[in-house]
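> Would you mind keeping the following structure in view while I ask a few things?
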Amino acid sequence: MDVLRVEDLRKSFRHDMSLRRREVLHGVSFEAIAGEILGFLGPNGAGKTTTIKIILGLLRADSGDVRLFGRPAGERAVRARIGFLPENPYVFPHLSLIEFLEFCGHMTGMRGTVLRARIEEVIWMVGLESSRARLKTYSKGQLQRVGLAQAILHDPELLILDEPFSGLDPLGRIKMRDILVGLRNQGKTIFFSSHILPDVETMCDRTCIIREGLIVRCVGIDDLIRIGESRVEMIVRGCPPECFDTLDDYLESKNSTGDEFFLLVKKQDYVRTVVQVVYNSGGEILKIVNQHPSLEEVFLNEMLSEFKQSRVKTPEEEHTFIGF
Amino acid sequence: MMRIASIAHNTFRESIRERMLSIALLFGFILMVSTYALSPLAVGAKQKIIMDVGLAAISILGVLTAVLLGSTLVHKEVDKKAIFMILTRPISRLEYLIGKYCGLVIAIVTMMAVMTGVMVVMILSGRGQLTPAVFAAVYGALLETVVMGAVVIFFSTFTTPILTMLFSLGIFVMGSLSNDLRIFAQRYGGEAMKLVTGVLYYLLPNLQVFNLRHEAVHDLHFRGIDLLNASLYAALYCSVILFFSYMIFRRREFL
Ligand SMILES: Nc1ncnc2c1ncn2[C@@H]1O[C@H](COP(=O)(O)OP(=O)(O)OP(=O)(O)O)[C@@H](O)[C@H]1O
Ligand SMILES: [Mg+2]
């Protein structure tokens, strides 16, 4: 069942001081399936926040449809089942943490001792202390945690988070990730936007990539692994160019720089054969890299589509060094 | 109901914790106390002056605070995006607006009550007489503020604080004069003038009906039915204007 379904969303904004409108979403469609963590990835200005605001009814789409739990977005009963963490959450500076969460709880119909207990619980979960200090004294990362606390306060079935990792220190990130994965394991659905790839990669079941107001690709973790099985990069040195003649069926490509060759082996299974040929012709192997395309790579490829054929290396790549 | 109450409570708390309200209070206090120093007059006259200044202070500071406080009320939350965390909860925009309005009214009524308390103490300590007309006048000032609060909320749903302030004060001034203007126009004006003042008279709040200060100071007779009518008028005017505020706010996008 999809918890969130977005269909052909279009949205334009008016330019300041003119009547012309510029379309920033050109038909965004995707869906979040119950119980998954769906990442929403895209560069600055791609339209992530705009899409999220439309889903939540803070903006109106020009056309298109948003369904939450199979119902039209904007129904009050639907909103009770959603938790939202805005981008750079601003909270009321004149309130203390407890007062703020009580206020949020009241608006979702929670009260009394149940609310008090739940507030203590979420404060503990996000790693804050229940202090009496006004929220205006909180740091950016602490406010981010306050924002998460208010989003999960009423135990919503669907969490929508706009850049949840921004402003968090490494420990805070791990905590955020653990909380989100924990909620997913309880069966909640999580939809979050980000441009921090490792965060997305390590916890998302699926990722939708948006670019200039269009979803260019949705990939699942399974897809990544499947692609990853197919290729291996090798760098070899000191063998005559003719020795690769017999390997045409095994190699996807070969390039040379000086006496070094850059080989792209089609399959993991072929590596043994290629290695043997290289040794037999007196060459040596400098490097073998298992080409596991990271999400970053998929992402960058989508972003730089004109370079789609070229490989972009990243530190996230799984490197296998064989020293000689 | 609970949601409206919690919005109102939060608004009230915010107003209390900000300095605006205390500054207005201080100002009113100084005004009233200064009458002591400025009036070396006979006992009776002194009481009248205290009453006159006190009631005027309550009325004008009430309206001013409503305008100053109210003009930033909605805008601040929209601007700082705190409203995202409110409107994405199961609360309707109508409830939000009513909650904001109630919070504003409660904050100002509290302030006016404190000022009335000060005035009463001063009158009594000077062995003056508290007549029902004094309380009627305070009640009138209250109604006026309540109406002006709704006007402020109306503007704040679609313009900036500065414009809200200007529009609201404009309405306050014209609303205080609209009756006089209309009478003036009917006596001396041409047809167009009559029409304009007529329209203004019905469109703007007629704030003169809330002004009972003259009666209070001179201990004149006032009619209960007038108070009742004024109350009904205030309630109707507020409802209508809050309804229009909602119609605007309902369609509003939050960037
Ligand atoms: N109120 C607005 N008026 C005009 N243009 C806007 C407005 N809000 C957003 N845009 C434009 O819409 C596009 C998408 O903006 P959006 O905030 O959705 O991007 P984003 O993906 O959230 O980016 P970021 O990663 O920086 O948060 C941008 O090009 C932006 O300039
Ligand atoms: Mg954004």
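> Can you report the number of residues in the stretch A:63-92 which are more than 16 Å from ligand 2 (Cβ to nearest atom) and within 11 Å of another protein chain (Cβ to nearest Cβ)?
Number of matching residues: 13.
Yes or no, residue by residue, for (1) under 23 Å from B:Asp79 (Cα atoms); (2) acidic (Asp, Glu):
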| residue | (1), (2) |
| --- | --- |
| B:Gly140 | no, no |
| B:Val146 | no, no |
| B:Thr164 | yes, no |
| B:Leu169 | yes, no |
| B:Val173 | no, no |
| B:Ser176 | no, no |
| B:Asp180 | no, yes |
| B:Ala185 | no, no |
| B:Gly190 | no, no |
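> Got at least one residue in the stretch A:88-97 being small (Gly, Ala, Ser), out of contact with any Pro (no Cβ under 8 Å at 6 or more places or on another chain) and within 15 Å of A:Lys11 (Cβ to Cβ)?
The answer is no; no qualifying residue exists.
> Okay, next question. Is at least one residue of the stretch B:10-31 within 14 Å of chain A (Cβ to nearest Cβ), in contact with a helix residue (DSSP H, G or I) (Cβ under 7 Å, 6 or more places away or on another chain) and of a type in the set (Phe, Trp, Tyr)?
Yes, the stretch B:10-31 contains a residue that is within 14 Å of chain A (Cβ to nearest Cβ), in contact with a helix residue (DSSP H, G or I) (Cβ under 7 Å, 6 or more places away or on another chain) and of a type in the set (Phe, Trp, Tyr).
> Could I ask something else about it? Where in the stretch A:1-86 are the strands (runs of 3 or more DSSP E), entirely inside, with at least 3 residues that are in contact with a Gly (Cβ under 9 Å, 6 or more places away or on another chain) and within 13 Å of ligand 1 (Cβ to nearest atom)?
A:2-14, A:21-33
> Among the residues of the stretch B:181-204, count how many are touching a helix residue (DSSP H, G or I) at 6+ places or on another chain (Cβ under 8 Å) and of a type in the set (Lys, Arg).
Of the residues in the stretch B:181-204, 2 are touching a helix residue (DSSP H, G or I) at 6+ places or on another chain (Cβ under 8 Å) and of a type in the set (Lys, Arg).
> The conditions are (1) in contact (Cβ under 8 Å) with a residue 60 or more places away in the chain; (2) in contact with a strand residue (DSSP E or B) (Cβ under 8 Å, 6 or more places away or on another chain); (3) at the interface with another protein chain (Cβ under 10 Å from one of its Cβ atoms), and A:Leu95 fails exactly one of them. Which is it?
With respect to (1) in contact (Cβ under 8 Å) with a residue 60 or more places away in the chain; (2) in contact with a strand residue (DSSP E or B) (Cβ under 8 Å, 6 or more places away or on another chain); (3) at the interface with another protein chain (Cβ under 10 Å from one of its Cβ atoms), A:Leu95 is out only on (1).
> Looking for something part of a helix (DSSP H, G or I) and touching a Pro at 6+ places or on another chain (Cβ under 9 Å) - is there at least one such residue anywhere in the stretch B:153-171?
Looking for residues that are part of a helix (DSSP H, G or I) and touching a Pro at 6+ places or on another chain (Cβ under 9 Å), one finds at least one in the stretch B:153-171, hence yes.
> Would you check which residues across the stretch A:37-62 are more than 12 Å from every other protein chain (Cβ to nearest Cβ) and in contact with a strand residue (DSSP E or B) (Cβ under 6 Å, 6 or more places away or on another chain) and list them?
A:Ile37, A:Leu38, A:Gly39, A:Phe40, A:Leu41, A:Gly42, A:Ala46, A:Gly47, A:Lys48, A:Thr51
> Pull out all pairs, ordered by first then second residue, where Cβ-Cβ is under 6 Å, the residues are six or more apart or on different chains, the first lies in the stretch A:57-77 and is free of Cβ contacts under 8 Å to residues at least 24 places away in the same chain, and the second is part of a helix (DSSP H, G or I).
What qualifies is A:Arg71/A:Val78.
> What's the total number of residues in the stretch A:169-195 that are part of a loop (DSSP other than H, G, I, E, B) and either more than 16 Å from ligand 1 (Cβ to nearest atom) or modelled with pLDDT of 95 or more (or both)?
Total satisfying the criteria: 4.
> Looking only at residues that are among the β-branched types (Val, Ile, Thr) and closer than 30 Å to B:Ile49 by Cα in the stretch B:203-255, which one is nearest to ligand 2 (Cβ to nearest atom)?
B:Val209
The values are calculated or read from the model by the stated rules, or taken from the named source; none is laboratory data. The model shown is predicted, which means the values in this text are computed figures rather than measured ones. Note: ideal-geometry Cβ built from the backbone for every residue, glycine included; neighbour counts use all protein chains shown.
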